[in-house]
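> Sharing a structure, written as structure tokens. Questions coming.
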Amino acid sequence: MRRPIIAGNWKMYKTPAEAVEFVTRLREATTGLDGVEIVVAPPFPALAPVREVLAGSHIGLAAQNMFWETEGAFTGEVSPVMLAETGCRYVILGHSERRQYFGETDANVNHKVRAALEHGLVPIVCVGESLSEREAGLTEKVVTTQVEQCLAGLSSAAVAGLVIAYEPVWAIGTGRTASPDDAQEVNARIRELIGSLFGADAAALVRIQYGGSVKPDNTRELMSRPDIDGALVGGASLKVESFAGIVRGCEEAAKI
Ligand code: PEP
């Protein structure tokens, strides 16, 4: 049985002080919601202070990006070693905003995924088609290529432990959500692909999230689909009430 995972991607929001205040309240608001794994991904400067508040709690810590080298003359970058020592368990890789604004390619993401795994971090690997690709009927082709290239060269055991986030680019931050049926269809296709590339065990174990304008009122329906194992949440993860509402909705769906 796959334990659903709800991860909050805060993007470039919240100062360290705001982040500490937020997770202090989130910790309370989600006490007892044990059926779902909860993760927050603050900006880099907030990671260490947030880790302090979350110590010994049920909420895990993620970074939003990293470079693949362990150290060196790479101004502005952060390494997997640094993230692991800061208490991160997860790292979001290949988010569409990284691809769009910072030129990240599937090859870059593959490099980062391997480096993260080498240092004990669990990658949350983002894939998803743009609006024009969807309208041209290219969703499956685009997502297949992204999964194949981002996960190239990994072992089946490594893939089994990953989190993949299917995030249609047209649904991110737009208020437009993929229908539960459409999201389920793509997630099922990704799982099938993982099965053909890495074997049945990896396909059964890998967790595949949906991301794109997830809110408390659409969570339950999305999360009740068999191949949707949680959500990567942007905007609605910035308020304690809405993020906790999403966790609750996911927990309820998992119990159905
Ligand atoms: C995201 O940034 O990964 C995301 C899904 O954003 P939003 O929930 O705001 O669409």
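> To make sure I understand the rule: partners must be lysines, Cα under 23 Å from the Cα of residue 14, and not fewer than 8 residues away in the same chain. Which ones qualify?
Partners within reach: 215, 239.
> At 0.36 nm per residue, and after removing the present C-alpha to C-alpha distance, how many nm does the segment from residue 132 to residue 255 gain when stretched out fully? Show your work: numbers first, answer last.
Values: separation 123, 0.36 × 123 = 44.28 nm, distance 3.66 nm.
Residue separation times 0.36 nm, minus the Cα-Cα distance, leaves 40.6 nm.
> Place +1 on the Cβ of every Lys and Arg and -1 on the Cβ of every Asp and Glu in the chain, take the dipole about the Cα centre, and give the residue among 107, 219, 177 whose Cα lies farthest towards its positive end.
Of the listed residues, the answer is 219.
> Expected output is a single nm value to one decimal: the length gained when fully extending between residue 221 and residue 52, i.e. 0.36 nm times separation in residues minus the C-alpha distance. What is it? All intermediate terms of the calculation are to be shown ahead of the outcome.
Working: separation 169, 0.36 × 169 = 60.84 nm, distance 3.43 nm.
Extra length from residue 221 to residue 52 when fully extended: 57.4 nm.
> Follow-up. When only C-alpha pairs under 8 Å and at least 6 residues apart count, what is the relative contact order of region 155-256, in percent? If you can, show how the numbers build up before the last one.
Numbers: 173 pairs, mean separation 31.6, N = 102.
So the answer I get is 31 percent.
> From the P(r) of region 1-133, could you give the percentage of C-alpha pairs in the tail past 19 Å?
51
> Next question, about the same structure. Going by the alpha-carbon gyration tensor, a ≥ b ≥ c the square roots of its eigenvalues, is region 126-228 rounded (a/c under 1.5) or, if a/c is not under 1.5, prolate (a/b greater than b/c) versus oblate? Walk me through the numbers before you get to the answer.
On the way: a/c = 2.13, a/b = 1.41, b/c = 1.51.
Judged from the Cα gyration tensor, region 126-228 comes out oblate (a/c at least 1.5, b/c at or above a/b).
> Follow-up. Around residue 230, which amide H atoms from residues at least 5 apart in sequence, or from another chain, sit under 5 Å from its own amide H, with H modelled in the peptide plane?
Counting only residues 5 or more places away or on other chains, the set is 5, 210.
> Give the relative contact order (percent, whole number) for the chain; include only Cα pairs under 8 Å separated by 6+ residues.
Over the chain, the number comes to 21 percent.
> Follow-up question, since we're still on this one. Can you tell me the length gained on complete extension of the stretch residue 70 to residue 29, counting 0.36 nm per residue apart and subtracting the Cα distance?
Values: separation 41, 0.36 × 41 = 14.76 nm, distance 3.64 nm.
Gain on stretching residue 70 to residue 29: 11.1 nm.
> For a quick check of your reading of the filter: which chymotrypsin sites (Phe, Trp or Tyr not before Pro) in region 1-36 sit in a DSSP loop and have no more than 16 other Cβ atoms within 10 Å?
On the way: sites: 10, 13, 22; in loops: 10, 13.
Passing sites in region 1-36 are 13.
> Using just the alpha carbons, could you tell me how many Å³ per residue the convex hull of the chain encloses?
Here the figure is 116 Å³ per residue.
> Please sort by residue number the GluC sites (Glu not before Pro) in region 52-95 whose DSSP state is loop and whose Cβ has at most 12 other Cβ atoms within 10 Å.
Values: sites: 52, 69, 71, 77, 85; in loops: 69, 71, 77.
Those that pass, being in a loop and sparsely packed, are 71.
Rule-based calculations on the coordinates, nothing more; no lab input. Worth saying up front: this structure is predicted, and the values here are computed from it rather than measured. So basically every Cβ, Gly included, is an ideal-geometry build from the backbone, and we count neighbours across all protein chains shown.
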